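Working notes, structure below.
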Amino acid sequence: MKRIPVIGLPVAATNYRQAVKWILDRAASADQAYAVEAANTHVAALFRTDPAFHESLAKFDLITPDGMPLVWSVNARLPAAEKLTDRVYGPTLMLETIKATQGKPGFRHFLLGGKQSTLDKLTSKFSSEFPGATIADSHSPPFGDWQENETENIIHRIRESGANLVWVGLGCPKQEHWIAHNKHLLPPAVYFGIGAAFAFHAGEVRQSPAAFQKLGLEWAYRLAMEPRRLFKRYLTYNSLFLYHTLRDQMRD
């Protein structure tokens with residue numbers, strides 16, 4: 001699987017089928033902890049400008065192009081026959097992975113993050129839509145800073161559940177830092193920094209229409225839905241992504 005640098009971030013030139021196969025192959029081997037990130041412009045810009053985030057994401061094993069601007073950047077460096085036709089969107093990757101594990105007892109899912117009410121909705125939804133998949137356990141950690149033993153508790157819960165696919169919805173960049181900082185301690189499994197997917201799939205936040213997503217305008221839809229929370233983030237990181245993209249193109 002080719003990795004293409006997008007403002008320095010090594011993004012996999014991949015599609016859903018290839019990404020799911022990569023994930024299930026690693027989960028089945030159960031030999032170590034693997035880390036997966038679905039990266040948008042926010043993640044890419046943080047990687048380029050924040051040394052601590054750069055250090056954390058450097059420990060991730062697969063980074064997929066979640067946003068269309070990353071797809072366009074990847075395609076600019078690929079021959080015509082290899083160009084991507086779609087992004088690998090985190091919430092959809094989650095559904096495709098759970099779907100692919102139906103009827104396969106060797107795969108067990110763990111949901112980490114969010115409110116307990118959100119996790120209850122997700123467990124019910126996934127059990128209904130994917131009855132052959134196993135949601136082994138879930139855990140809602142305390143909001144804000146954790147006590148010292150919270151990570152130990154989470155690791156124990158994951159190990160006891162036998163999960164080998166762990167969905168971490170703590171928000172960016174907390175989830176990436178947590179996975180990276182504890183990767184050497186985590187039970188063998190594939191760990192996903194999954195961001196807002198929990199809220200989307202629980203029906204607590206509306207996803208943008210498909211047309212907006214295809215045009216790379218999902219950020220505009222989400223900004224219209226949550227302007228006070230997202231204005232500063234999109235203004236800052238979309239601008240940084242564009243600036244560094246143009247700067248790198250001028251250097252090539």
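The values are calculated or read from the model by the stated rules, or taken from the named source; none is laboratory data. Since the structure is predicted, the reported quantities are computational estimates derived from the model, not experimental observations. With ideal geometry, Cβ positions are generated from the backbone for all residues, glycine too; neighbour counts draw on all protein chains shown. Surface accessibility is based on the protein's heavy atoms, side chains included, excluding ligands, DNA and RNA. Shrake-Rupley method; radii C 1.70, N 1.55, O 1.52, S 1.80 Å.
Of all the options Gly193, Gly113, Gly171, the one that moves most in a Gaussian network model of the chain with Cα springs shorter than 10 angstrom is Gly171.
About its Cα centre, the dipole of the chain is roughly 620 debye, where the only charges are +1 on Lys and Arg Cβ and -1 on Asp and Glu Cβ. Accessible-area rank, largest first, for Lys174, Lys2, Lys21: Lys21, Lys2, Lys174, with all protein chains present and a 1.4 angstrom probe. For the chain, the longest principal axis of the Cα atoms and the long axis of helix 116-129 meet at an angle of about 90 degrees. The loop-placed chymotrypsin sites (Phe, Trp or Tyr not before Pro) in the stretch 20-116, going by DSSP, include none that has at most 10 neighbouring Cβ atoms within 10 Å of its Cβ. With a cut-off of 14 Å between beta carbons, the residues surrounding Lys183 carry a summed charge of -3, where Lys and Arg count +1 and Asp and Glu -1. Cα gyration tensor of the stretch 1-85, axes a ≥ b ≥ c as square roots of the eigenvalues: rounded (a/c below 1.5), prolate (a/b > b/c) or oblate? Oblate. Listed by chain and number, the lysines whose C-alpha is less than 18 Å from the C-alpha of Lys99, apart from same-chain residues fewer than 8 away, are Lys21, Lys121, Lys125. Inter-label distance, Lys125 to His54: 3.6 nm, where each label sits 7 Å from its Cα along the C-beta direction. Between Trp146 and Ala28, the C-beta separation translates, for a Förster distance of 45 Å, into a calculated FRET efficiency of about 0.90.
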